[in-house]
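The values are calculated or read from the model by the stated rules, or taken from the named source; none is laboratory data. Please read these numbers as outputs of a predicted model, since none were measured by experiment. Note: accessible area is taken over every heavy atom of the protein model, side chains too, but ligands, DNA and RNA are not part of it. Shrake-Rupley method; radii C 1.70, N 1.55, O 1.52, S 1.80 Å.
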Amino acid sequence: MGEPGESRRGPLKSAVPSNVVSPVRRCSRTACGRPAVATLTYVYADSTAVLGPLATYAEPHCYDLCAEHSERLTAPRGWEVVRLAIDPGPARPSGDDLEALANAVREAARPQERAAGGTETPAPTGRDGHPMEVARRGHLRILRSPDS
């Protein structure tokens with residue numbers, strides 16, 4: 001092939017860098033490369049354009065807009081524009097969010113409580129009549145091997 005760093009197509013140094021994949025979402029407006037700060041969604045049934053904080057995920061029927069384009073947004077005649085508060089800072093989980101997540105994890109790990117009246121519901125049985133589910137912890141089940 002020749003020298004190291006070359007391929008059949010020529011030197012690897014001449015490869016055109018790709019900027020197609022970017023970790024920052026960009027404004028949806030043509031020829032605007034600024035970072036997006038808001039998401040625009042049209043509610044056709046109500047003739048309403050909703051402009052709010054940048055959505056968590058890019059949706060196919062929503063438009064991400066930069067600060068300049070979101071400020072200058074106008075809607076078609078007869079339509080209403082609803083502007084939701086846009087937080088200029090980066091979105092971070094609040095203390096309440098983290099506490100709710102911790103409580104959900106604790107709840108899932110807590111053993112299932114017995115049915116009312118102190119009676120335990122029987123575990124499902126296999127073809128041979130032996131219980132297949134031995135124990136349960138949160139959403140996980142321990143199953144007895146069919147051989148035992």
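Key figures
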| item | result |
| --- | --- |
| Amide hydrogen neighbours beyond the local backbone of Thr48, cut-off 5 Å, H modeled | Val43, Glu80 |
| ³J(HN,Hα), Karplus 6.51/-1.76/1.60, whole Hz, each residue of segment 46-52, x for Gly, Pro | 9, 6, 10, 10, 9, 10, x |
| Segment Ala102-Arg137, length gained on full extension (0.36 nm per residue, minus Cα span) | 10.9 nm |
| With DNA, RNA and ligands ignored, accessible area of His61 (1.4 Å probe; Å², nearest 10) | 150 Å² |
| Heavy-atom SASA rank of Leu54, Leu84 (probe 1.4 Å, accessible area, largest first) | Leu84, Leu54 |
